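Only one structure is covered here, and it is reproduced in the block below.
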Amino acid sequence: MNIAVCINQVPDTASRIEVLDGKIDSSRLNMVLNPYDEYALEEAARLKEQGSAVVFTLFSAGDASRVAAMRKALAFGADEAVLAQGEEPSDSHQAAGMLAEAMKLHYGDCLPDLVLCGRESSGLNRGEVPYLLARMLGIGVAGRVVRLESSGRELCLQREADGGVEVLKGRLPLVVTAEKGLNRPRKTGVKAMMKARKAPVHMIEVSVAPLPGMKVSSIHPLDRTRSCRMVESVSELVPLFEEVVGEDGDW
């Protein structure tokens, strides 16, 4: 079984985020492995430990700055790592396209049997890439999975639903997104990290044009300050309401 795990790097929550020329200024950010991807990595490692015929490959899309996060992911026991190298993707469609192109070039005429992704990236919380990737590869997708059992080419999946658990049955190849609770990601030891540092990261040059869409021009913190003004009569209150509501009648 060929298992592909897609990983992303996201800003550390302690980092200060600034926008420069319509893009997030990454030069001041400390980038870390996306937390949701660790559940996908752990599940791939467990499946590999259960069967000797499993080949576990990492994929990421972007520039060479992603190599550090990929080496951390290699410590989960991945056999190899592939970077879909190009400019940092500006939208979900571009990221999925770069990953799909890299997988097609890496696997040739075959597709990976199982593609594991985190539910979403904690940077933007869109959760779009796995579904776009599944469509580009022409295979099915199951999202927010909290339990996965493999039996040959068949998969039994569970995900939480309102008031209970939803049970799904799928057949490989399939894209699965990992939800918190699927497993408990392991703590990688020093030996595994040292081995990961020496492992090669294969570069595959890809280029996928972004879809025209929204451009971020600036990011500002939400102003949560509140002001309180005391008035002595209704006649003083009405002009204040008009000032807050505005001429167009919207709050």
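The values are calculated or read from the model by the stated rules, or taken from the named source; none is laboratory data. For clarity, every value in this text was computed on a predicted model and none was experimentally measured. When we count neighbours, we look across all protein chains shown, and the Cβ atoms used for this are built from the backbone with ideal geometry, even at glycine. Ligands, DNA and RNA are stripped out before the accessible areas are found, and what is left, the full protein with its side chains, is counted by its heavy atoms. Shrake-Rupley method; radii C 1.70, N 1.55, O 1.52, S 1.80 Å.
Among 230-239, 88-97, 203-212, how do they line up by average Cβ neighbours within 10 Å per residue, starting with the highest? Can you show the working numbers first?
Values: 230-239: 8.9, 88-97: 20.9, 203-212: 13.6.
Per-residue mean Cβ counts within 10 Å order the peptides as 88-97, 203-212, 230-239.
Could you please report the charge total around Gln85, scoring K, R as +1 and D, E as -1 over all other residues with beta-carbon less than 13 angstrom from its beta-carbon? Before the final figure, lay out the partial values.
Numbers: positive: Arg66; negative: Asp63, Glu87, Glu88, Glu101, Glu205.
Counting the neighbours of Gln85, the net charge comes to -4.
Quick one: compute the contact order of the stretch 72-208, relative version, from alpha carbon pairs under 8 angstrom and 6+ residues apart, as a percent. Could the numbers behind the result be given before it?
Values: 207 pairs, mean separation 49.4, N = 137.
In percent, rounded to a whole number, it is 36.
Output the direction-averaged projected area (hull surface divided by four) of the convex hull of the alpha-carbon atoms of the stretch 56-158, in nm².
On the way: hull surface 28.0 nm².
Spelled out: convex hull of the Cα atoms, projected over all directions, averaged, 7.0 nm².
5 Å is the cut-off here: which amide hydrogens, built 1.01 Å from N in the peptide plane, fall below it relative to Ala81, excluding neighbours closer than 5 in sequence?
Those qualifying (amide H under 5 Å, at least 5 residues apart or on another chain) are Leu58, His202.
Read phi for every residue in the stretch 149-159 and hand back ³J(HN,Hα) as whole Hz from Karplus 6.51 cos²θ - 1.76 cosθ + 1.60, θ = phi - 60°, with x for Gly and Pro.
With the stated coefficients, the stretch 149-159 comes to 10, 10, 9, x, 8, 9, 10, 10, 10, 10, 9 Hz.
If you project the alpha carbons of the chain onto the principal axes, what extent comes out on each, in Å, largest first?
Computed over the Cα atoms, the extents are 80, 45, 38 Å.
Report the extension gain between Arg186 and Asp223 in nm, rounded to one decimal, defined as 0.36 nm multiplied by the number of residues separating them, less their alpha carbon distance.
Values: separation 37, 0.36 × 37 = 13.32 nm, distance 3.93 nm.
This chain segment gains 9.4 nm when fully extended.
Among Leu99, Pro89, Gly77, whose Cα lies farthest out toward the positive end of the dipole of the stretch 52-179, if unit charges sit on the beta carbon of Lys, Arg (+1) and Asp, Glu (-1)?
Result: Gly77, furthest along the dipole toward the positive end.
How large is ³J(HN,Hα) for each residue in the stretch 224-239, as worked out from phi by the Karplus curve 6.51 cos²θ - 1.76 cosθ + 1.60 (θ = phi - 60°), to whole Hz, x for Gly and Pro?
Values, residue by residue: 9, 6, 10, 10, 10, 10, 9, 10, 9, 8, 5, 4, 7, 6, 4, x Hz.
Quantify, in whole percent, the carbon and sulfur part of the accessible surface of the chain (1.4 Å probe; protein heavy atoms only).
C and S fraction of accessible area: 51 percent.
Counting Lys and Arg as +1 and Asp and Glu as -1, what is the net charge of the other residues whose Cβ lies under 12 Å from the Cβ of Tyr131?
Numbers: positive: Arg119, Arg126, Arg135, Arg144; negative: Glu120, Glu128.
With Lys, Arg at +1 and Asp, Glu at -1, the net is +2.
May I ask you to give the solvent-accessible area per residue for the stretch 31-109, in square angstrom, as obtained with a 1.4 angstrom probe?
Details: 2870 Å² over 79 residues.
That works out to 36 Å² per residue.
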